[in-house]
Protein chains: 2
Amino acid sequence: MTGAQYSVAIGEVEIDDEFWSPWVTRNRDVTIEYQYEQLEESGTLENFRRAIDGKEGGFQGMWFQDSDAYKWIEAASYELTKGDDPDLRERVDEVIGLVADAQEPDGYVNTYFQLVEPEKKWTNLHMLHELYCAGHLIEAAVAHYEATDETTLLDVAVDFADHVDDVFGDEIDGVPGHEEIELALVKLYRVTDEDRYLDLAQYFVDLRGHDDRLEWELAHLSEIAGDEFSSDDWEGSIHDGSKTVFLEEGEYDGSYAQAHAPVRDQDAADGHSVRAMYLYAAMTDLVAERGDDELRAALDRLWENMTTKQMYVTGGIGPEHEHEGFTEDYDLPNDTAYAETCAAIGSVFWNQRLFELTREAKYADLIERTLYNGFLAGVGLDGKRFFYVNPLASSGNHHRKGWFTCACCPPNAARLFASLGQYLYSTSGGELSVNQYIGSTLETTVDGIDVTLDQSSAIPWDEGVSVVIEANGTVPVNFRVPEWCAEATVTIDGEPVDHGESDYVRLERAWDGELVELTFAQEPTVVAAHPDVEADAGRVAVERGPLVYTAEAVDNDRPLHQYRVPDDADVKETHDTALLNGVTVLSVDVAVPSLDGWDGELYRPATETDNEPSSLELIPYYAWDNREPGDMQVWHRSDND
Amino acid sequence: MTGAQYSVAIGEVEIDDEFWSPWVTRNRDVTIEYQYEQLEESGTLENFRRAIDGKEGGFQGMWFQDSDAYKWIEAASYELTKGDDPDLRERVDEVIGLVADAQEPDGYVNTYFQLVEPEKKWTNLHMLHELYCAGHLIEAAVAHYEATDETTLLDVAVDFADHVDDVFGDEIDGVPGHEEIELALVKLYRVTDEDRYLDLAQYFVDLRGHDDRLEWELAHLSEIAGDEFSSDDWEGSIHDGSKTVFLEEGEYDGSYAQAHAPVRDQDAADGHSVRAMYLYAAMTDLVAERGDDELRAALDRLWENMTTKQMYVTGGIGPEHEHEGFTEDYDLPNDTAYAETCAAIGSVFWNQRLFELTREAKYADLIERTLYNGFLAGVGLDGKRFFYVNPLASSGNHHRKGWFTCACCPPNAARLFASLGQYLYSTSGGELSVNQYIGSTLETTVDGIDVTLDQSSAIPWDEGVSVVIEANGTVPVNFRVPEWCAEATVTIDGEPVDHGESDYVRLERAWDGELVELTFAQEPTVVAAHPDVEADAGRVAVERGPLVYTAEAVDNDRPLHQYRVPDDADVKETHDTALLNGVTVLSVDVAVPSLDGWDGELYRPATETDNEPSSLELIPYYAWDNREPGDMQVWHRSDND
């Protein structure tokens, strides 16, 4: 591994892409700046200062408020990896200084517990977020270390990890209610080479679902930490803020935190979807590090279940508001979809790990679907407003917000944008995989051979991709043929390459600046959902290339429910540079009900009703809610013959 | 007028009908008995006893609990009209005795105020129900007087009405938040011939929407009555229990109680739907008594709006839970429909009055639709369980309940069943109208001529109706041709009658026992809703004769959302005497999606999907939720071409 996460490190890739660069730049210039201001605004930094000063109480924000600082450091560090920025570095150092100073002599640092319930550390593992915050501290530390070679934060993380290692498996046996530390410990292991961190990750993963800690906490509700928070503090969700979630849910079986069964025995994605993604990512890391057929088989089952029975066409997951998570197979309501932005981000984390492990195209396909749709919709075109919740239909009253009490998604989006380069390529298995068609240069080594790759891409608006490769040896390069691609052509220096039906076009040679040109035909496609998805029954969605399209009221005269899209609809594509920072819009030949002959009738024989031709205008799903509010729908009525 | 309400009195009609008699008998034998027990169980009678004893506090139930007793007396009195029943009479007298003894010397009687807020009478007209309870007292008194010729309750009602007449327009100017007393005062006027009651009804109707009382009450929230109740006491609705509804709604404009504008200026059915029906009924009474073109024009507009833009196919009205009422044109959600049983009953009250006024068939058509569907579904086949809320789709968790905290619907249903005879015929305009095809005998006078009519009817299961008429003079008889009738045939003593396309077949003669035989062909009909009804877009419902049909999971293998009903579906009819007390079931030739070829896919090109033939089994809507719980839907996916 080059980076602590994946085979290609952030610093090895420089993105220069017509579609993605504005997002990445906006993330750097607007979002990361804005989030730094929010650290002060929300009291996050003040919590550290109070802890440093040994004060009691006065804690601000959520009990996992510290993680906002850590996620910001992580995103900022990714930016520092790409090039120095003294002003940003200074602010990162300032925040790191606060964290380091707040750390207690035994390595413990968590300002909620330090200020509010210092006597109740490690008493409420399921509902408070001590280990979750520790995980984000570790991730930030690894990112900062990789960006700067400095150990200011890594030392803090190591001390805290050692403290956790001392406490768990010894004083206490238990697992965190919100997974996160597991994948962080694997990263820490990879930069420190200390086996005990990998062992600790394995401990948390393996203990989940068969420890008796949950029962103990339920039996000691009046003694454990967490009195300070009630679920009323949350927006539109019961969340797990207080201990009351135990009571509200009645016989809580642990499934909210994937703790209803040992992970090796699980068959279906369950519970809080962000937690699930972080757990599955860590499980995949463990398989990669240690091999483990049983764990691997569980991952296959979970992925199969999620992607074939519990996933929105946008790649979004977790339909349910109350517990922000998975429900049952085929339960994918559109207007009430939760599909949290963080869950989409978590899915990218997990799927990249699965790709590194297997080099199967389906994981890269899903990353692409999720990036362009379920993830990207979470961020407004201004870089300052975010969706926590990503419905696939709206009556016009769901809008991105500037910040949340529970600000998990915005900093999570920031760290994904800032580290996007990692997801484009892989050197796993001694081969170079070109997974995402995003203009960029790559400088890496594949099996000891230096490779330089220069990609330019017209995706998603057009179909052409050009790649120039140089290497000081023979390197196999695999170009993914996207799942949406109707027909792919490949040439090397203008000469057609005969490639099969495989998911990857494999070209192996001693590269010397050859130009590989690929075209991926992207026909607008009308798709249907499995018949067991009630919400999509008799409905279709329209995709083009990696993008899922949607209808907004602002572009259409009739109420959206009146449009009826034929299965074989004619679709006209037009690129509009002036619209929504430049998008290709689709104009679909559809039917709408004739309004003739109703004259004061509310019901009449169906045989008397008539349709007439019309046109339905669609924009990419990610771009919705950036203009006048109004109805939105991804799934349109169809003739479904 | 023969009765205080309509041109035909309850005592003039005796129902003997295969379909309806079991309902009416069950209402008498089960429901009315059960409700009497509930009067004791719920503390309703105890409230009167405490008031008699001059006690303070200890009030039980809702602030309009008294009205339960009044509605029970009214229903029981209707039964006494049909024939004596010493045991029932005794209990009626017992309850009347309590009411009479609880009445204060000035005529006031309302146990909530007497026990709980005696100093705050008439301070909270909009949210408490003093005038509403007074109205039900008056209705009960008129019913009891007409049944027994006794004035024990009528005297109480007259004293209270006189007290109200003294207070209103003099000490206080204002209107009730819940209409009811207006139509009751018209009844009182009709049995007493005292103009002042009609004047008082007119006063309340005309003042609505332009008094400043609402503003005054809003400005004096801390002083007016109503501290005892919070909206938490209610099931699934904010209701108007407390004063907080003012605050919760923010700038309350009075529309909840149809007080947002003078009634003469209103164009659309608005607010709480039961209130609206009671108001419109009273307006119709006033037009009938005094003629009033302006008021009449408003009624036409309101009826037109309700029936062509705000009514479920079942005749149900008021889609919204929060305020139990009307919303906007074409807003008719199925699964979240409120469609309160009481609102359907109120619609029957209003439409019968409109018929009496105009003799237009459309009003009798709507009464039929409402009786067989929106109303009848409100009562379980056991006569002891009731729907307050009547959705047109359910995921299997909506069930009839034995009783409610707010027990408005069960006693309202009881009084409608007990007085059903009034709605079958009309002698308005000196003509005999045969409106509902329900087996019965009628003995009445039409313009001074004695008429006896004997009807037997196979509706709704079969198409034949036989009527034998005798009269001691020439009487025009109008037989309604139901809106659903594909083709009607009429014979007199076997001789075909040539009748036109009119809504009524008019036969005028000196009747001497002629047998009129009518057949009303009832083809199952697939109906669509107006394109602006989003909830029904791409959907159809199936009707047969007066009945709307529905699908229940218990009769169908596939999830209901998978069935697709063609506009011109073939429908097979089978009468099943063993099912649901005997119903004609429909078997519809439909398509369902093929489950082939999905193999682990969640989304695929719509052109690759396929349908296969199947059959959808339907039962009458009124009979749903009388077997195993499961999904239910009235509106099925269609091919809507």
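The values are calculated or read from the model by the stated rules, or taken from the named source; none is laboratory data. From a predicted model like this one, the values you see are computed outputs, not experimental measurements. Heads up, the Cβs are rebuilt from the backbone with ideal geometry, glycines too, and the neighbour counts pull from every protein chain shown. Heavy atoms of the whole protein, side chains included, go into the accessibility calculation; ligands, DNA and RNA do not. Shrake-Rupley method; radii C 1.70, N 1.55, O 1.52, S 1.80 Å.
What the table below lists for this structure:
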read-out	value
Complete set of residues in the stretch B:448-458 that are crowded, with 21+ Cβ neighbours inside 10 Å and not in a strand (DSSP E or B)	none
Residue A:61 vs. criteria touching a residue at least 24 places away in the same chain (Cβ under 8 Å), in the same structural domain as residue A:153 (by TED's automatic domain parsing) and more than 22 Å from residue A:423 (Cβ to Cβ)	yes
Filter result for residue A:315 (in contact with a helix residue (DSSP H, G or I) (Cβ under 8 Å, 6 or more places away or on another chain) and either crowded, with 17+ Cβ neighbours inside 10 Å or over 15 Å from residue A:529 (Cβ atoms) (or both))	yes
Qualifying residue in the stretch B:508-530 (condition: open to solvent by less than 50 Å² (accessible area, probe 1.4 Å) and without any contact (Cβ under 8 Å) to a residue 40 or more places away in the chain)	no
The lone exception for residue A:336 - which of (1) more than 21 Å from residue A:627 (Cβ to Cβ); (2) of a type outside the set (Lys, Arg); (3) open to solvent by less than 10 Å² (accessible area, probe 1.4 Å); (4) over 15 Å from the mean Cα position of the chain (by Cα) it fails	(3)
Qualifying residue in the stretch B:431-447 (condition: within 23 Å of residue B:307 (Cα to Cα), open to solvent by less than 20 Å² (accessible area, probe 1.4 Å) and either of a type in the set (Asp, Glu) or not in a loop (DSSP other than H, G, I, E, B) (or both))	yes
Of all residues making up the stretch B:304-337, the number that are touching a strand residue (DSSP E or B) at 6+ places or on another chain (Cβ under 6 Å), in contact (Cβ under 8 Å) with a residue 40 or more places away in the chain and under 18 Å from residue B:369 (Cβ atoms)	5
Hits in the stretch B:490-503 (condition: under 24 Å from residue B:460 (Cβ atoms) and either out of contact with any strand residue (DSSP E or B) (no Cβ under 8 Å at 6 or more places or on another chain) or modelled with pLDDT under 95 (or both))	B:497, B:499, B:501, B:502, B:503
Residue list for the stretch A:256-294, restricted to those being touching a residue at least 60 places away in the same chain (Cβ under 8 Å) and either within 14 Å of another protein chain (Cβ to nearest Cβ) or farther than 20 Å from residue A:341 by Cα (or both)	A:259, A:268, A:283, A:284, A:285, A:286, A:287, A:288, A:289, A:290
Qualifying residue in the stretch B:619-630 (condition: open to solvent by 20 Å² or more (accessible area, probe 1.4 Å) and either closer than 25 Å to residue A:603 by Cβ or without any contact (Cβ under 8 Å) to a residue 24 or more places away in the chain (or both))	no
Verdict on residue A:252 being aromatic (Phe, Trp, Tyr) and open to solvent by less than 10 Å² (accessible area, probe 1.4 Å)	no
Any hit, the stretch A:547-568, residues being among the basic types (Lys, Arg), under 23 Å from residue A:23 (Cβ atoms) and either open to solvent by less than 40 Å² (accessible area, probe 1.4 Å) or away from chain B (no Cβ under 14 Å) (or both)	no
Test: residue B:578 is buried (at least 16 other Cβ atoms within 10 Å of the Cβ) and either more than 26 Å from residue A:590 (Cβ to Cβ) or within 9 Å of another protein chain (Cβ to nearest Cβ) (or both)	no
Pick from the stretch A:531-540, criterion within 7 Å of chain B (Cβ to nearest Cβ) and open to solvent by less than 40 Å² (accessible area, probe 1.4 Å), ranking: farthest from residue A:393 (Cα to Cα)	A:531
Entirely in the stretch B:26-135, the helices (runs of 4 or more DSSP H) that have 3 or more residues that are at pLDDT 95 or above	B:44-52, B:66-82, B:86-102, B:111-115
Which listed residue, of A:182, A:215, is modelled with pLDDT of 95 or more, acidic (Asp, Glu) and assigned by TED's automatic domain parsing to the domain that holds residue A:282	A:182
Matching option when the condition is without any contact (Cβ under 8 Å) to a residue 40 or more places away in the chain, in a helix (DSSP H, G or I), assigned by TED's automatic domain parsing to the domain that holds residue B:259 and in contact with a helix residue (DSSP H, G or I) (Cβ under 8 Å, 6 or more places away or on another chain), among B:200, B:221	B:200
Close pairs (9 angstrom Cβ cut-off, 6 or more residues apart or separate chains): without any contact (Cβ under 8 Å) to a residue 24 or more places away in the chain in the stretch B:485-496, of a type in the set (Val, Ile, Thr) and open to solvent by less than 70 Å² (accessible area, probe 1.4 Å) anywhere	B:493/B:516; B:496/B:489; B:496/B:490
Selected residue (only one of B:461, B:484 is in contact with a helix residue (DSSP H, G or I) (Cβ under 9 Å, 6 or more places away or on another chain) and either in the same structural domain as residue B:432 (by TED's automatic domain parsing) or part of a strand (DSSP E or B) (or both))	B:484
Output for the stretch B:589-608, where each listed residue is open to solvent by less than 20 Å² (accessible area, probe 1.4 Å), within 12 Å of chain A (Cβ to nearest Cβ) and among the β-branched types (Val, Ile, Thr)	B:592
Subset of the stretch B:364-389 [acidic (Asp, Glu) and open to solvent by 10 Å² or more (accessible area, probe 1.4 Å)]	B:365, B:382
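Each row is one residue, and each column tells you yes or no for (1) closer than 30 Å to residue A:395 by Cα; (2) in a loop (DSSP other than H, G, I, E, B).
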| site | (1), (2) |
| --- | --- |
| B:260 | yes, yes |
| B:284 | no, no |
| B:308 | yes, no |
| B:357 | no, no |
